[in-house]
Each structure stands twice: as C-alpha cells, then as structure tokens.
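Below is one structure, written out as structure tokens; comments come after it.
The values are calculated or read from the model by the stated rules, or taken from the named source; none is laboratory data. Computed from a prediction, not measured in an experiment: that's the story for all the values here. Positions of Cβ are backbone-derived with ideal geometry, glycine not excepted, and every protein chain shown enters the neighbour counts. SASA here: full protein model, heavy atoms, side chains in, ligands and nucleic acids out. Shrake-Rupley method; radii C 1.70, N 1.55, O 1.52, S 1.80 Å.
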Amino acid sequence: SRAIATFTGAATSHYLKATNFGFNIPTGTTIVGILVQKEGHYSGTLVGTSHARLVLNDVIQGNQYDANFTTSDSYISQGGSTDLWGLTPTPAEINASDFGVVLWTDITSGSGDIRIDHIIITIYYSGGYTRIRTDNQNIYLSSDNSNELVYVSYIDPAVAIPVSRDISKGSIGLKSSN
C-alpha cells in the first residue's frame with residue numbers, strides 16, 4: 001500500500017520515515033555514495049516541494065534534497081554513487097536498523113494528495129574485498145576476513161526493481177527497498 005499525505009491548502013506534511021533496510025555492508029569498507037530513489041506521484045492542484053534527508057543513528061541529518069513528483073508514477077533520484085549527503089557514515093551505521101531516510105512535502109497552495117509507493121536506497125562502497133571472480137552468471141567477492149559472497153542479479157517480480165541477493169547469507173546485498 002502507499003503512504004498518502006492529503007492537503008487542502010498550504011501546509012507541511014508529517015515525516016515519512018523509512019528505516020531498517022537490512023544492509024550488510026562488510027566491515028573494513030568505505031562508504032562512497034548513497035542513492036535514494038522514491039517512487040510516487042501527486043494528484044490535484046498541488047504546488048510545493050518534496051524533500052528528503054537521511055536518518056543516521058536515528059537522527060535526521062545531512063544535506064537536504066528537494067524535488068517534485070509528477071501526476072503519474074515516477075522515480076525521483078537523490079544522491080548518487082559519489083554523494084555522501086554531507087556525511088561520513090560507517091558500514092556499521094548503514095547496517096543499523098535506525099539508518100534510512102525521511103521524506104516530507106511543503107505545499108504552498110492547492111489541494112490533493114502526495115502518494116509514495118516505495119523507496120529504494122543503494123549504498124556504494126569500496127575496499128574490503130581482495131578477490132573477485134566471475135562465471136557466466138555470478139560475481140564472487142571475498143576477503144581475508146569473510147566467506148565468499150555470491151551476488152546474483154535478477155528481477156524481483158514482487159516490486160519489479162533490480163536487486164542483488166547475497167545467496168550465502170540470505171539477505172539483500174547492495175540495494176534494498178522499503
């Protein structure tokens with residue numbers, strides 16, 4: 001189901017806080033980028049701006065990103081492969097259940113709804129792996145401190161987004177959605 005904020009004039013929505021993405025970023029790596037993608041749309045005659053900030057250690061912090069939805073479902077991408085949102089998060093902070101994002105909207109006029117369908121966070125990191133090998137279907141990553149991880153790319157039909165699955169540990173790898 002979608003998160004919906006309804007407006008009947010100028011107002012600021014409550015925060016939509018999404019945490020507990022279940023990341024398993026290896027220790028000894030360096031976080032180099034964070035990409036947040038939110039999918040949704042607005043209806044009605046709304047005029048305003050939607051915002052996003054990260055939640056790190058259960059505190060809203062880092063750079064604020066602003067963008068606007070369209071009247072049909074679309075993705076808004078904020079951050080990126082080399083954008084840390086003004087922060088220096090550690091793998092432990094990213095892996096924590098209190099890491100995530102908050103979204104909110106400031107409406108200056110109009111009436112209608114903002115509807116958020118889902119949120120994807122992709123974490124980019126470097127280091128930690130000393131060996132990489134591939135075969136026809138899989139990428140195998142290993143280090144001196146961990147077992148070999150097998151990443152298999154596929155499409156999850158439940159949400160129809162590309163994800164990577166850590167087969168050896170049964171958890172979401174680099175990308176997670178909430």
Want the number for ALA11 to ASN24: 0.36 nm per residue separation, take away the alpha-carbon distance, what's left? 0.9 nm
Please report the carbon-and-sulfur percent of the accessible area for the range 25-104; probe 1.4 Å, protein heavy atoms only, DNA, RNA and ligands left out. 50
Starting from the range 1-41, pick out the trypsin sites (Lys or Arg not before Pro) whose DSSP state is loop and whose Cβ has at most 16 other Cβ atoms within 10 Å. ARG2
Starting from the amide H of GLY33, placed 1.01 Å from N in the peptide plane, find each other amide H under 5 Å away whose residue is 5 or more places distant or on another chain. TYR124
With θ set to phi - 60°, apply the Karplus curve 6.51 cos²θ - 1.76 cosθ + 1.60 along the range 105-110 and write out the HN-Hα couplings as whole Hz, x wherever there is a Gly or Pro. 9, 9, 9, 9, 6, x
Amide hydrogen neighbours beyond the local backbone of LEU46, cut-off 5 Å, H modeled: SER111
Between the range 8-24 and the range 62-89, what is the separation of their alpha carbon centroids in Å? 13
Roughly what would the spin-label model give for GLN64 and VAL32, points 7 Å off Cα along C-beta, in nm? 3.1
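So between SER111 and THR82, what do we pick up on full extension, going 0.36 nm a residue minus the alpha carbon distance?
My answer for the length gained is 6.7 nm.
Just order 27-37, 98-108 by mean Cβ neighbour count inside 10 Å, highest at the front, would you? Kindly include the intermediate steps, with their values, before the conclusion.
On the way: 27-37: 17.1, 98-108: 19.6.
By packing density, highest mean first, the sequence is 98-108, 27-37.
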